[in-house]
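Heads up, the thing below is written out as structure tokens.
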Amino acid sequence: MKLVTSILMLVLLLAPVQPAFAARPGANTVTLTASQVDGANDIEAAIIQATADGKRPGTVILDGIEGPFVYTDLDRSLNLWISNLTLRGINNAVFSNCDGGLSFDDLPMQNVLVEEITFLCTGEAVTANGAHQGVILRNNIIQAVGHGIILGGASSGWEITGNLVQAGGDAIRIYDASDMLISGNHLSGTIGVALFRCSQMDVRNNAIHAAWQGVLLGQEAWNNSVQINTILGVEQSGIALEPGVTGNRIVANRVLCAPGASCLTVDASEDLAEYNQIAGNKP
């Protein structure tokens, strides 16, 4: 009898320990609630599990049924480095004290969807420096002390749609990107959308409340479209074009100045007006 008991105890000790957020064997979806997350590393572990460390598409669901996600350790910025990933919030999923909300790794990624999550961050909420393709940021709430969304590194094919972005800096600031859709967002910040050295960007149907400029095209941005946006509360200009930008289409935007300000609907010199299509914009 003692021998049988000892064998049973040994089997129990050697049995693998299941993580708190374990999914079904072979499943590619992992669900987390607030009580299972102390730091961003817990979510990163769930991403590894759902995607088999990048070997398959995976989904991590952040379920706010227990209340907001409150980081209690020092790791308060979620790093993303795996392609073919969905990060989805349900039941009002809120990160209430993130430093940076999401940081896309420098290694190129593709096919990443982030939706229905609220980020309340003391830094910049979404940052990316690599050449990432096919990323969708959809129906999120982003509040940041710094910039709301700041991208660089020749990314392309992004869709930034249906988000509420409130930033101490610029709501959306993008460098060296191409072929992105920025549509249906409610944006507030120093500048609503700032594009530098970008091409084939489609900025349309956004509601922008900006302190200085609604949309800025700078540093040789070319062949972009800015149309049918409503821009409110600006001090300087609704849409501004810096020297060297060409082939852009600035059409059918509505601009309302801040109270007492005499802002410009479109701030562009005569030569810029010649090399860009500017039409139908109304104060």
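Checking G162 against (1) surrounded by fewer than 17 Cβ atoms within 10 Å (Cβ to Cβ); (2) at negative phi: exactly one of these is not met. Which one?
Against the list (1) surrounded by fewer than 17 Cβ atoms within 10 Å (Cβ to Cβ); (2) at negative phi, G162 comes up short only on (2).
Taking A93 as the residue in question, decide whether it is more than 25 Å from L181 (Cβ to Cβ), among the hydrophobic types (A, V, I, L, M, F, W, C) and modelled with pLDDT of 95 or more.
Values: more than 25 Å from L181 (Cβ to Cβ): no; among the hydrophobic types (A, V, I, L, M, F, W, C): yes; modelled with pLDDT of 95 or more: yes.
So A93 does not fit the description; no.
I'm trying to understand the selection: among the residues of the stretch 87-97, which are surrounded by fewer than 22 Cβ atoms within 10 Å (Cβ to Cβ) and either on the phi > 0 side of the Ramachandran plot or more than 14 Å from the chain's Cα centre (by Cα) (or both)? Please lay out each step first, then the result.
Of all residues in the stretch 87-97, those surrounded by fewer than 22 Cβ atoms within 10 Å (Cβ to Cβ) come to 88, 90-92, 94, 96-97.
Correct list: I90, N91, N92, V94, S96, N97.
For the stretch 157-179, does any single residue satisfy the condition of being free of Cβ contacts under 8 Å to residues at least 24 places away in the same chain and over 18 Å from L216 (Cβ atoms)? Break it down into steps so the answer makes sense when it comes.
Here is the first cut: in the stretch 157-179, the residues free of Cβ contacts under 8 Å to residues at least 24 places away in the same chain are 179.
Among the residues that remain, those that are also over 18 Å from L216 (Cβ atoms) are: 179.
Yes, the stretch 157-179 contains at least one residue that is free of Cβ contacts under 8 Å to residues at least 24 places away in the same chain and over 18 Å from L216 (Cβ atoms).
Any idea how many residues of the stretch 53-86 are of a type in the set (A, V, I, L, M), touching a strand residue (DSSP E or B) at 6+ places or on another chain (Cβ under 7 Å) and buried (at least 19 other Cβ atoms within 10 Å of the Cβ)?
Of the stretch 53-86, the ones of a type in the set (A, V, I, L, M) are 60-62, 65, 70, 74, 78, 80, 82, 85.
Now narrow it down to the ones that are touching a strand residue (DSSP E or B) at 6+ places or on another chain (Cβ under 7 Å): 60-62, 65, 70, 78, 80, 85.
The next check asks that each one be buried (at least 19 other Cβ atoms within 10 Å of the Cβ); those that pass are 60-62, 78, 80, 85.
Residues meeting the conditions: 6.
Let me confirm something: among G134, G189, which residue is under 27 Å from L62 (Cα atoms), out of contact with any Lys or Arg (no Cβ under 7 Å at 6 or more places or on another chain) and not acidic (D, E)?
Numbers: G189 fails: under 27 Å from L62 (Cα atoms).
That would be G134, the only listed residue that is under 27 Å from L62 (Cα atoms), out of contact with any Lys or Arg (no Cβ under 7 Å at 6 or more places or on another chain) and not acidic (D, E).
Would you call E124 in contact with a strand residue (DSSP E or B) (Cβ under 9 Å, 6 or more places away or on another chain), surrounded by fewer than 24 Cβ atoms within 10 Å (Cβ to Cβ) and not small (G, A, S)?
On the way: in contact with a strand residue (DSSP E or B) (Cβ under 9 Å, 6 or more places away or on another chain): yes; surrounded by fewer than 24 Cβ atoms within 10 Å (Cβ to Cβ): no; not small (G, A, S): yes.
Answer is no for this residue.
When Q213 is evaluated against the numbered criteria (1) touching an Asp or Glu at 6+ places or on another chain (Cβ under 9 Å); (2) under 25 Å from H132 (Cβ atoms), which criterion, by number, is the only one it fails?
All conditions pass for Q213, except number (2).
Quick check: is even one residue across the stretch 130-137 at pLDDT 95 or above and within 21 Å of V94 (Cβ to Cβ)?
yes
The values are calculated or read from the model by the stated rules, or taken from the named source; none is laboratory data. Everything numeric here is computed off the predicted structure, so don't read it as measured data. Neighbour counts run over all protein chains shown; Cβ positions are idealised from the backbone, glycine included.
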